[in-house]
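What follows draws every value from the coordinates through simple rules; no lab data is involved. Quick caveat: nothing in here was measured; it's all calculated off a predicted structure. Cβ placement follows ideal geometry from the backbone for every residue including glycine, while neighbour counts extend to all protein chains displayed.
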Protein chains: 2
Amino acid sequence: MTRNVSDSDSVRRQNRGLILSALRSGGPQSRTALAGITGLSHASVTAIMQDLLAQRVVEELTSPDRADGRLRGRPATLVGFHRAAAYVVLFEVDVNRLRTSLVDYSGVLVDRIETPVTPQTFAQTRPSAFFAEHLESLRTRTPKAAQTFRRIAISVQGILDRNGGGLKWSPIANLAGTSFADELAEMTELPVALYKRGRLLAEGTRWLDPRLSDASVATVFVGSTVAMGLSQRGSTTGRDMGGATEFGHMNHVPNGALCRCGMRGCIEAYAADYGILRTSFSVPDTAAPAPAVPSQQFDSLIKRAEAGDRAATHGFNLAGRAIGFGLSRMMAMFDPSHILLVGPGARALSLMRGEIESALSASLVCSINGLPAISAHLDEREPIFRGLMMKALAAVDDVDVAPNSHALRSA
Amino acid sequence: MTRNVSDSDSVRRQNRGLILSALRSGGPQSRTALAGITGLSHASVTAIMQDLLAQRVVEELTSPDRADGRLRGRPATLVGFHRAAAYVVLFEVDVNRLRTSLVDYSGVLVDRIETPVTPQTFAQTRPSAFFAEHLESLRTRTPKAAQTFRRIAISVQGILDRNGGGLKWSPIANLAGTSFADELAEMTELPVALYKRGRLLAEGTRWLDPRLSDASVATVFVGSTVAMGLSQRGSTTGRDMGGATEFGHMNHVPNGALCRCGMRGCIEAYAADYGILRTSFSVPDTAAPAPAVPSQQFDSLIKRAEAGDRAATHGFNLAGRAIGFGLSRMMAMFDPSHILLVGPGARALSLMRGEIESALSASLVCSINGLPAISAHLDEREPIFRGLMMKALAAVDDVDVAPNSHALRSA
DNA sequence: GAGGTTTTTTCGAGCAGTGAAAATAATGCT
DNA sequence: AGCATTATTTTCACTGCTCGAAAAAACCTC
């Protein structure tokens with residue numbers, strides 16, 4: 001049974017967490033600044049810092065760096081994360097590539113490996129083995145950090161199984177089915193966490209634009225798939241509170257276009273690259289979706305539509321309509337103040353905006369509260385990486401912070 | 001700035017809240033039982049109880065009532081809420097009635113007034129004045145409690161304005177527009193809170209069936225309107241975390257049937273009583289919705305459909321389809337394990353189940369995770385009242401608990 | 001080097017929670 | 001009736017945390 005009892009121990013944990021997260025979002029700071037941000041007294045900050053320094057989780061920075069104008073008084077000694085305190089391994093799996101990153105405890109990228117992925121990849125190599133292989137490469141390339149790998153975080157697409165040990169379904173060929181997270185955890189003896197890409201997008205965009213950081217935002221990815229993450233007042237929410245949704249596979253038209261997932265009428269079947277292409281070239285929408293669309297082909301389609309090509313314009317109109325009605329339906333349950341489009345399709349926002357806004361206008365919620373602000377951000381890789389890294393480092397913080405001396409009380 | 005600092009004060013508050021909510025859900029209990037439930041030590045429970053007793057928030061019950069079989073040992077002295085510690089006034093506004101209830105601090109109904117409401121009611125009397133009038137009736141009828149009215153809670157339908165002082169839109173004629181909550185608060189000098197009916201349904205069903213209390217449930221009201229509340233692992237979530245949604249006005253078919261809200265194609269336009277009636281009698285779906293459907297007319301329609309009448313069956317099929325696709329779209333964002341239908345339309349679940357399930361089956365999420373359990377509960381008034389009462393009493397608990405001696409630290 | 005300014009640490013007080021032991025209140029057995 | 005048994009509740013000594021205020025430290029200017 002989870003007990004919410006507050007005792008002096010949990011108080012310390014809470015306040016320690018406050019300081020760590022202030023350090024995460026604000027970078028190295030003086031104790032005085034931390035006291036101001038967290039609301040703790042200087043005395044408490046000092047006490048907690050002594051703990052953290054003793055554990056070598058943080059360190060005092062040597063260069064006082066007093067370029068802030070103030071030249072009077074005792075100079076502040078900045079405290080920041082001890083970079084070598086922990087390393088996390090991040091995997092971003094995509095339909096056509098795997099990006100493996102090693103990040104230190106302060107959030108600095110130490111090493112990175114990019115590997116192409118094909119539909120055959122996970123048929124030939126068991127997913128857990130494939131990941132383990134790349135992790136070993138990192139180990140040999142950065143031997144001094146190898147002992148301090150603390151945690152693995154993986155960005156995936158698809159539907160997680162109940163305990164988060166693997167995927168029940170995924171657009172990435174042959175990835176679903178095995179409990180690769182559990183297997184990898186056993187092979188490496190490190191904790192492994194899976195995060196849905198949509199959730200990370202929602203998480204990452206908060207760091208992208210400070211104005212969005214405490215607003216309610218729906219981040220929609222449009223590209224080879226369609227996905228969405230939700231954040232509300234800073235924290236990600238949604239399906240199982242994971243912040244991710246199956247927006248791409250929300251039904252748009254009953255018995256409609258054939259989707260890659262095998263169902264019919266999903267938003268993705270109209271708004272993902274293959275869907276737009278299919279519409280633009282008047283291919284029957286019951287035709288099997290193209291396995292992968294080269295990015296240049298998609299770009300040239302955008303150019304044609306921008307130049308006024310009727311068929312291409314039609315494709316983007318249908319895509320906008322699908323996204324628009326999907327958002328309108330979503331807004332019956334959530335009402336974000338901002339909608340952010342990311343990914344390759346975000347470049348086509350101007351082609352789709354009309355249909356999106358007219359679909360939204362047809363809903364009661366928008367007619368009363370007004371339309372949310374819709375904007376585009378072209379790069380989707382940065383927020384995903386950022387979100388994944390922050391999740392992983394925050395998890396390390398929690399583990400370091402949580403059971404200080406004694407793990408559990410005698411109950 | 002909200003500070004999450006933990007100090008000894010907030011620890012006491014937290015643990016006090018733990019005890020109060022254990023008392024709320026478990027009824028009068030011994031200190032030992034409370035220690036077991038909350039996880040606190042006996043010593044702490046005793047200390048907190050002394051505070052609570054001194055404040056006359058709780059009281060020791062005189063009748064030991066040891067019918068629990070155990071006859072040995074020192075008999076437990078049960079502690080329960082001091083009933084006269086506070087009273088809350090609850091208003092449940094509906095399209096055709098207002099129910100005003102007075103409830104004591106232990107959750108016992110003390111007085112109740114039922115008043116019919118017509119579309120003219122709020123045109124003739126300003127909403128805040130109408131409520132204030134009924135509150136005064138309660139005051140004169142129960143003079144000994146009149147001094148201890150602590151809080152007003154109102155169940156409403158429609159879209160709340162940003163600060164919760166009134167409604168931006170409501171299906172109840174002439175109720176939206178004024179900040180009646182703020183006005184009533186000023187007139188009575190009591191805090192007033194508005195709650196959406198859908199949210200209360202979600203809250204109330206948790207008390208209804210203990211098996212649902214920590215599951216994820218979507219509670220759908222089908223009657224003169226269509227509404228939905230969501231609860232997840234015990235806490236209500238959804239639009240602005242309020243637990244309520246605009247499910248009834250989620251788009252079902254672009255440019256479809258005319259809804260009471262003025263938009264077209266809302267789920268409600270197909271699945272509320274007026275929608276089903278319109279379809280069954282082959283009235284064009286662009287015809288203005290009936291202002292109110294007598295319950296016996298709706299009941300006889302159900303009987304006809306159950307007897308096999310083609311037109312009536314068709315009406316319920318379309319309703320089921322609208323609800324089914326709405327739920328399927330909802331499940332792209334949330335995945336409740338249970339779906340509970342309440343209200344007059346719940347009696348027709350067997351007529352709609354087929355269409356609902358086939359719509360759900362067409363979604364990726366259901367084809368992977370399986371269909372949620374769908375069941376009906378006929379009485380919707382009980383969970384709404386229960387939910388409203390619990391919200392109001394919990395708010396009193398919070399206020400009593402929160403600023404114990406000093407309101408704010410000197411910061 | 002004295003005086004001023006700002007950061008950091010130290011110190012005593014206060015308060016909350018805990019476990020163990022004591023007090024309390026009833027029953028059951030001889 | 002007397003005493004052991006059982007279970008609840010309270011008391012007590014102790015630990016840990018935060019806090020405010022005062023002291024110490026570190027650097028600048030004159």
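Need one number: the % of Cα-Cα pairs in chain A sitting beyond the 30 Å mark. Could the numbers behind the result be given before it?
Values: 40711 of 84255 pairs.
When all Cα pairs of chain A are counted, 48 percent exceed 30 Å.
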Check cross-link reach from A:Lys144 to the lysines: straight Cα distance under 25 Å, and skip same-chain residues fewer than eight apart. A:Lys391
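Quick one: Kirkwood hydrodynamic radius for segment B:269-399, alpha-carbon pairs, angstrom, one decimal?
Values: mean 1/r = 0.0616 Å⁻¹.
Taking the inverse mean of 1/r over all distinct Cα pairs, segment B:269-399 comes out at 16.2 Å.
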Whose Cβ in chain A comes nearest the axis that rotates A onto B, and by how many Å? A:Arg329, 2
D (Stokes-Einstein, µm²/s), Kirkwood Cα radius, the protein assembly as shown, 0.890 mPa s at 25 °C: 83
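How high is the relative contact order of segment B:85-190, given as a whole-number percent (alpha carbon pairs under 8 Å, six or more residues apart)? Walk me through the numbers on the way to the answer.
Details: 183 pairs, mean separation 29.7, N = 106.
Here the relative contact order equals 28 percent.
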For chain B, longest principal axis from Cα atoms; helix B:381-401 axis from its Cα atoms; angle between them, nearest 10 degrees, is 30
Starting from the Cα-Cα distance between A:Asn163 and A:Val108, subtract it from 0.36 nm times their residue separation and give me the gain in nm to one decimal. 16.8 nm
DSSP bridge orientation in chain B - percent antiparallel, rounded to nearest 5: 60
Alpha carbon centroid spacing (whole Å) that separates segment A:270-331 from segment B:164-180: 42
Could you tell me which of B:Ile152, B:Ser295, B:Gln120 has its Cα farthest along the dipole of chain B towards the positive end, charges placed at Cβ (Lys, Arg +1; Asp, Glu -1), taken about the Cα centre? B:Ile152
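Can you give the charge dipole size of chain B about its Cα centre, rounded to the nearest 20 debye, using +1 on the beta carbon of Lys and Arg and -1 on the beta carbon of Asp and Glu? Walk me through the intermediate numbers first.
Details: 44 positive and 39 negative charges, 102 e Å.
Roughly 480 debye for chain B.
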Which residue fluctuates most in the GNM of chain B (Cα springs below 10 Å): B:Gly256, B:Gly320, B:Gly370? B:Gly370
Starting from a label point 7 Å past Cα on the Cβ side, list the distances from A:Asn174 to the same position in the other copies, nm, shortest first. 7.1
What does the charge count around B:Thr178 come to, taking other residues whose C-beta lies under 14 Å from its C-beta (Lys +1, Arg +1, Asp -1, Glu -1)? -2
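Given R₀ = 22 Å, FRET efficiency for B:Gln147-B:Asp182 by Cβ-Cβ distance, to 0.05? Before the final figure, lay out the partial values.
Values: r = 23 Å, r/R0 = 1.06.
E between B:Gln147 and B:Asp182, to the nearest 0.05, is 0.40.
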For segment B:208-378, what proportion of DSSP beta bridges, expressed in % and rounded to the nearest 5, is antiparallel? 55
Anchor B:Lys168: aspartates and glutamates whose Cα lies under 19 Å away (excluding residues fewer than 8 positions away in-chain): A:Asp335, B:Glu92, B:Asp94, B:Asp182, B:Glu183, B:Asp240, B:Glu246, B:Glu268
For B:Gly262, label point 7 Å along C-beta direction: distances to other copies, nm: 4.6
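For the peptides B:95-105, A:133-143, what is the packing order when you average, over each peptide's residues, the other Cβ atoms within 10 Å and list the highest mean first? Each step should come with its number before you reach the end.
Values: B:95-105: 19.5, A:133-143: 14.5.
Final packing ranking: B:95-105, A:133-143.
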Nearest 5 percent is fine: what portion of the DSSP beta bridges confined to the protein assembly as shown is antiparallel? 60
Note down the relative contact order for chain B as a percent, whole number, built from C-alpha pairs under 8 angstrom at least six residues apart. 12
So, with +1 on the Cβ of K and R and -1 on the Cβ of D and E, and no other charges, what is the size of the charge dipole of segment A:193-319 about its Cα centre, to the nearest 20 debye? 100
Specify the angular offset, from 0 to 90 degrees and rounded to the nearest 10, of the alpha carbon long axis of helix B:295-306 from the longest principal axis of the alpha carbons in chain B. 60
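Given the Cα-Cα distance of B:Ser375 and B:Ser213 and 0.36 nm per residue of separation, how much length would full extension add, in nm? Can you show the working numbers first?
Numbers: separation 162, 0.36 × 162 = 58.32 nm, distance 1.50 nm.
Additional length available on full extension: 56.8 nm.
Rounded to the nearest 500, what is the protein assembly as shown's calculated 222 nm mean residue ellipticity when only DSSP H runs of at least 4 contribute -39500 (n - 2.57) each, over all residues?
Values: 30 runs with 338 residues, N = 822.
Estimated from H runs of four or more residues: -12500 deg cm²/dmol.
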Which Cα, out of A:Leu90, A:Gly370, A:Ala322, lies furthest along the positive dipole direction of chain A (beta carbon charges, K/R +1, D/E -1)? A:Gly370
May I ask for the distance between the Cα centers of segment B:88-121 and segment A:133-162, given as a whole number of Å? 59
Across A:361-373, the residue-averaged tally of Cβ atoms belonging to other chains within 10 Å stands at 5
Please give the helix A:127-141 orientation as an angle from the longest Cα principal axis of chain A, in degrees from 0 to 90, rounded to the nearest 10. 50
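Based only on Cα atoms, what mean projected area does the convex hull of segment A:8-81 have, in nm²?
On the way: hull surface 20.4 nm².
Average of the hull's projected areas for segment A:8-81 equals 5.1 nm².
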Ordered shortest first, which distances in nm separate the 7 Å Cα→C-beta label point of A:Thr46 from those of the other copies? 3.8
Report the normalised scattering of segment B:85-190 as log10 I(q)/I(0) at q = 0.15, 0.18, 0.19, 0.22 Å⁻¹, calculated by the Debye formula with identical scatterers on the alpha carbons. -0.60, -0.85, -0.94, -1.21
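Which of A:Ile276, A:Ile37, A:Ile113 comes first, and how do the rest follow, when ranked by fewest Cβ neighbours within 10 Å?
Numbers: A:Ile276 30, A:Ile37 19, A:Ile113 15.
Ascending number of Cβ neighbours within 10 Å: A:Ile113, A:Ile37, A:Ile276.
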